[in-house]
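Visitor: The following block contains the structure, expressed as structure tokens.
No value in this document is a laboratory result; all are computed from the given coordinates. For clarity, every value in this text was computed on a predicted model and none was experimentally measured. Cβ placement follows ideal geometry from the backbone for every residue including glycine, while neighbour counts extend to all protein chains displayed.
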Number of protein chains: 2
Amino acid sequence: MAELDLTRDVVDLTADLVDIPSVSRDELEIADAVEHALRTLPQLRVDRDGNTIVARTDLGRDERVVLAGHLDTVPLTDPPNLPTKRVDGLLAGRGTTDMKGGVAVQLAVAQAITEPTRDVTFVFYDCEEIEEEFNGLRRIAADHPDWLAADFAVLLEPTNGGIEGGCKGTLRVDVATKGISAHSARPWNGHNAIHDAGEVLARLAAYEPETVNVDGLDYHEALNAVGISGGIAGNVIPDRCVVTVNYRFAPDKSAEEAVAHVRAIFSGYDVTLGDCAAGARPGLDTPAAASFVEALDLPVTAKEGWTDVARFSALGVPAVNFGPGDPNLAHTDDERCPEQQITDAFAALSRWLR
Amino acid sequence: MAELDLTRDVVDLTADLVDIPSVSRDELEIADAVEHALRTLPQLRVDRDGNTIVARTDLGRDERVVLAGHLDTVPLTDPPNLPTKRVDGLLAGRGTTDMKGGVAVQLAVAQAITEPTRDVTFVFYDCEEIEEEFNGLRRIAADHPDWLAADFAVLLEPTNGGIEGGCKGTLRVDVATKGISAHSARPWNGHNAIHDAGEVLARLAAYEPETVNVDGLDYHEALNAVGISGGIAGNVIPDRCVVTVNYRFAPDKSAEEAVAHVRAIFSGYDVTLGDCAAGARPGLDTPAAASFVEALDLPVTAKEGWTDVARFSALGVPAVNFGPGDPNLAHTDDERCPEQQITDAFAALSRWLR
């Protein structure tokens, strides 16, 4: 079994984690290593469910906060860019940005701060990068919501070292047009469903998305076609065309309100809901969040992309994203993380929790 | 080897041909049977290339005409609807309409009319129902154009017993829009190629196709999207969308003119030509065609769909479609042909050639 030494420098610890490959659904080795290392820390109670590990202090503090991160990565590059390389202050390799720098910071905090100023729950989960059904945090929220009970949560996804509050919600719908197929040499016997989709695209192009301020942060909504398909054969008038639309909505709206809004935009069309996930309020007006922002003294912006902070929000726990690494490098073959951001994130959380 | 008795009633002969399955690329057995039967007729010279057979009289007549048909069918139904069934004056089974009724008429004419009023070339070819590259008539036109030399050609594809002159041309182009991919939560970092395709669809919807009279027949042009595709993933702004457009054009236009017309319609977009085939003029003003129409005394309309008559037209041979069966039943599981149409087609061609 791989061994982790939590007393190592947090950048070295990041490299150690990256060098244990952990593509989604293949997290057993890294989960074992993380569990084993945490069980050496006497102040923590450690629980495990599959490859998700939850460890917490129980010091009777007035507040409890969560530090959460996922253990899995997207598939390795071909050939794998492992083991990690360190060049010019950058740590390079699959997972350095998304998000083993953040996981290393969690582990270093767990090791270094034995008596935090608020109780801390450390969550390490599996299968964040693949289909929702496999997501370890989703599973824990459903099966063990008490493990996640807290006043505030920090998800250590990469934010380039800044604080990104809450997140927008996201939903997808299929907007379909219906025609009548016919031979394309005799189109008057049919009705072209792709031509009808022009009006769907026109509504999308004409749509003016809102910017919504929630708890002090500006969320920029967006409505976009992310897919279109239609056609039967090169000599057939198509009887169906489907435009897949993604709506990213501010966290002031419930999922139901967002769905109703999209249905109204495409009234007159056959609209089928695909996936839908509400956003997360940043909750910056709560005492726990305020103390976090004050201790870190970093700029706070709205998180535009949906992240697992929404799972905490759904449990009534306000949440922010804060972690090392440029999110634009996540999933790229060129994934790399400034070592200084890893060190700084560890120092910032230490300031808050000491 | 299957044996064909060409002296049988033409409907019985159709059933005999249908009962020799001959899905495209599997025409050896039927081609052998046809060749063998034709070689028993002393007035014919028989040539063969692969599974295509060309037989002709050489009586020194002033005119030569072609009667052409393909031996192959689309795949059998599951389970196969063979052997043929005869119910209420209909002959049912794969190939009854497309086009063994026509092939039977060719063979019956070859057998019955030993001294036709004009020399006749009978063409039986393979692989009409699949990719162009395999088409036997295409191959003969390229390798043995002299076998097809004539003043006029009749293709016995199903026309419900009417005469359909010439055919429209057809071409396909891909009209592409180009964008910039980005995360769909931050679309301002990208540009949506699917939204841009709305203008392509708008031009299609606004297009007013022409009706063009050629040699006395009205050809109805048509411009239609037959396919559309775009999208990378459900959370990505798409960087490309492709609309596949099919233009059906009157036979007064060359292929080059038709391509130029489509490029002009979609000026400003990336237009890539797919396949392209010119149409066929009906040539009803030629003496050979006029005598055919006069002898048959049937209504003449323009052929809207592209057919292999265009291969004759490309060789300078005007051509029409005339054969038993409803073209709307071609390729359907319910394929069937009125027996009377087979008998009538044989009688009509006999009137012309006797």
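Visitor: Determine the percent antiparallel among the DSSP beta bridges restricted to chain B, to the nearest 5.
Guide: Roughly 75 percent of the beta bridges in chain B run antiparallel, per DSSP.
Visitor: Another one. B:D333 label point, 7 Å along Cα→Cβ, cut-off 14 Å on backbone N: hits in the stretch B:77-92?
Guide: Within reach of a label on B:D333: B:77-82.
Visitor: Give me, ordered by chain and number, the residues 5 or more places off B:T159 or on other chains with an amide H under 5 Å from its own placed amide H.
Guide: For B:T159, the qualifying residues are B:G323, B:G325.
Visitor: By the gyration tensor of its Cα atoms, with a ≥ b ≥ c the square roots of the eigenvalues, what is the shape of the stretch A:302-354: rounded for a/c under 1.5, prolate for a/b over b/c, or oblate?
Guide: Verdict is oblate for the stretch A:302-354.
Visitor: Can you tell me, using C-alpha contacts under 8 Å and at least 6 residues apart, the relative contact order of the stretch A:302-354 as a whole percent? Mind dumping the intermediate values first?
Guide: Details: 24 pairs, mean separation 12.7, N = 53.
Worked out over the stretch A:302-354, it gives 24 percent.
Visitor: Averaged over every viewing direction, what's the projected area of the C-alpha convex hull for the protein assembly as shown? Give it in nm², one decimal, please.
Guide: Hull-based average projected area comes out at 37.4 nm².
Visitor: Given H placed 1.01 Å from N in the peptide plane, which residues other than close sequence neighbours of B:D270 have an amide H under 5 Å from its amide H?
Guide: Answer set, sorted by chain and number: B:A176.
Visitor: Let me ask you something else. With the label 7 angstrom out along Cα to Cβ, how close does A:G216 come to the same site in each of the other copies, in nm, nearest first?
Guide: In nanometres, ordered from closest: 8.7.
Visitor: Oh, and also: What size of dipole, in debye to the nearest 20, comes out for the protein assembly as shown about its Cα centre when the only charges are +1 on Lys and Arg C-beta atoms and -1 on Asp and Glu C-beta atoms?
Guide: Dipole of the protein assembly as shown, to the nearest 20 debye: 700 debye.
Visitor: Any chance you could give the angle, 0 to 90 degrees and rounded to 10, that helix B:28-39 forms with the longest Cα principal axis of chain B?
Guide: Tilt relative to chain B: about 40 degrees.
Visitor: How much net charge surrounds B:D9 when only the other residues with a Cβ under 14 Å from the Cβ of B:D9 are counted, with Lys and Arg +1 and Asp and Glu -1? Walk me through the intermediate numbers first.
Guide: Numbers: positive: B:R8, B:R86; negative: B:D5, B:D12, B:D16, B:E339, B:D344.
That works out to -3.
Visitor: Additional query: Explain nothing, just compute: Karplus ³J(HN,Hα) = 6.51 cos²θ - 1.76 cosθ + 1.60, θ = phi - 60°, for every residue of the stretch B:134-148 in order, whole Hz, x for Gly and Pro.
Guide: Once θ is set to phi - 60°, the couplings for the stretch B:134-148 become 8, 4, x, 5, 4, 5, 5, 4, 7, 9, 9, x, 5, 5, 9 Hz.
Visitor: Under the rule of -39500 (n - 2.57) per DSSP H run of 4 or more residues, summed and divided by the residues of the protein assembly as shown, what mean residue ellipticity at 222 nm is obtained, to the nearest 500 deg cm²/dmol? List each step's numbers first, then the result.
Guide: Values: 18 runs with 193 residues, N = 708.
Rounded to the nearest 500, it is -8000 deg cm²/dmol.
Visitor: Which whole-number percentage describes the relative contact order of chain B, with Cα contacts under 8 Å and a sequence gap of 6 or more?
Guide: Result for chain B is 23 percent.
Visitor: From the label point of B:T272, set 7 Å from Cα along Cα→Cβ, how far away are the matching label points in the other copies, in nm, ordered shortest to longest?
Guide: Relative to the other copies, B:T272 has label-point distances of 2.9 nm.
Visitor: A further question on this structure: Would you tell me the mean number of C-beta atoms belonging to other protein chains that fall within 10 Å of each C-beta in A:185-193, as a whole number?
Guide: Whole-number average of other-chain Cβ neighbours for A:185-193 is 5.
Visitor: If you don't mind, there's one more thing I want to ask. For helix B:339-353, what angle does its Cα long axis make with the longest principal axis of chain B, in degrees from 0 to 90 and rounded to 10?
Guide: 70
Visitor: Next question. Any idea what angle helix B:255-265 forms with the longest principal axis of chain B, computed on alpha-carbon atoms, 0 to 90 degrees, nearest 10?
Guide: That helix lies at roughly 30 degrees to the long axis.
Visitor: Another question, if that's okay. In nm to one decimal, list the spacings between the A:R86 label point and its equivalents in the other copies, with label points set 7 Å along Cα to Cβ, shortest first.
Guide: Those label-point separations list as 9.1 nm.
Visitor: Calculate log10 I(q)/I(0) of the stretch B:169-277 for q = 0.10 Å⁻¹, where I(q) comes from the Debye formula with a single equal point scatterer on each Cα and nothing for solvent.
Guide: -0.35
Visitor: Rounded to whole Hz and in sequence order, give me ³J(HN,Hα) for the stretch A:283-297 from the Karplus expression 6.51 cos²θ - 1.76 cosθ + 1.60, θ = phi - 60°, writing x for Gly and Pro.
Guide: x, 5, 8, 8, x, 4, 5, 4, 5, 5, 5, 5, 5, 7, 6
Visitor: Please give the Cα centre distance for the stretch B:299-335 versus the stretch B:29-103, rounded to the nearest Å.
Guide: 16
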